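The values are calculated or read from the model by the stated rules, or taken from the named source; none is laboratory data. Quantities reported herein were computed from a predicted structural model and do not represent experimental measurements. All Cβ positions, glycine included, derive from the backbone under ideal geometry; neighbour counts span all protein chains shown. Note: accessible area is taken over every heavy atom of the protein model, side chains too, but ligands, DNA and RNA are not part of it. Shrake-Rupley method; radii C 1.70, N 1.55, O 1.52, S 1.80 Å.
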Amino acid sequence: MRIVIAGGHGRIALRLERLLGARGDAVAGIVRRPEQAGELLAAGAEPVMCDLESATVAEVAGHLEGADAAVFAAGAGAGSGAARKETVDRGACVLFADAAEAAGVRRFVVVSSMGADREPPAGTDPVFAAYLRAKAAADADVQSRPGLDWTILRPGRLTDRPGTGRVTLAAATGRGEVPRDDVAAVLAALLDEPRTAGLTLELVGGNSPVDEAVSALAGS
């Protein structure tokens, strides 16, 4: 497959690029800064320079031409304020979805966040609350699109511990942690299983091998 990843320099995206490149897929990662290109090349991905906060739908659609799937893994990141949660975590996702539809790329996978399905509880840090609301709005936009075969993945608290290859993947899992390695492995498996289209899934560490966890949900 040819797969285009928004947020190609992110910690999950780089892991996913390595997995996809190692198995022979053609991968392109959208990044904002030229100095990020080297890490993408080392991961086996083609760097594509594009700022999703300022690009047009036509520009992004041009980068998606001929792709078999698109993955939105971009985020404003730690240290950014509430305004950039809106422009990146929501706005860039909506733009990427618009561009996928314009380019005729139906398979669309989103890295969201656990907690995006509900209003943040009282006392939540305001910036984190803005992040969750932005993710919720982006998810709702994607879920409303009949022109996309979408899957939304909502991981629990992310860690950089080595992956175990075993997860709990379901519509609702309860809170927990999950290594970024395992998130990337689940994304790769979801791209291989089009019958997971239309599902919004939570992901935490668990006991099921990744491929079995994804296969069990196919067509559910």
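Numbers at a glance
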item	result
Two-site FRET efficiency, E39 against D68, from Cβ-Cβ distance with R₀ of 22 Å, rounded to 0.05	0.40
Over the chain, relative contact order from alpha-carbon pairs under 8 Å, at least 6 apart, %	18 percent
Carbon/sulfur fraction of accessible area - the range 12-76, other protein chains in place, 1.4 Å, %	51 percent
Efficiency of FRET from Cβ geometry, S144 and T124, R₀ 22 Å, rounded to 0.05	0.30
Protection proxy ranking of 82-90, 148-156, 48-56, 181-189 - average other beta-carbon atoms within 10 Å, highest first	181-189, 148-156, 82-90, 48-56
Sum of -39500 (n - 2.57) over DSSP H runs of 4+, divided by residues of the chain (222 nm, nearest 500)	-10500 deg cm²/dmol
For the range 80-179: relative contact order, % (alpha-carbon pairs under 8 angstrom, 6 or more apart)	33 percent
Size of charge dipole - the chain - debye, nearest 20, with Cβ of Lys, Arg +1 and Asp, Glu -1, no other charges	400 debye
Rounded to 5, the percent of DSSP beta bridges in the chain classed as antiparallel	15 percent
For the range 131-220, share of DSSP beta bridges that run antiparallel, in % to the nearest 5	45 percent
Test item: Cα-centred dipole of the range 74-127, Lys/Arg +1 and Asp/Glu -1 on Cβ, debye	160 debye
Mean projected area (nm²) of the alpha-carbon convex hull when the range 82-220 is viewed from all directions	8.2 nm²
Average accessible area per residue (Å²) across the range 15-87 - probe 1.4 Å, nucleic acids and ligands excluded	47 Å²
Cα-centred dipole magnitude for the range 108-202, charges only on beta-carbon of K, R (+1) and D, E (-1), debye, nearest 20	140 debye
M114, M1, reordered so the largest accessible area comes first (probe 1.4 Å)	M1, M114
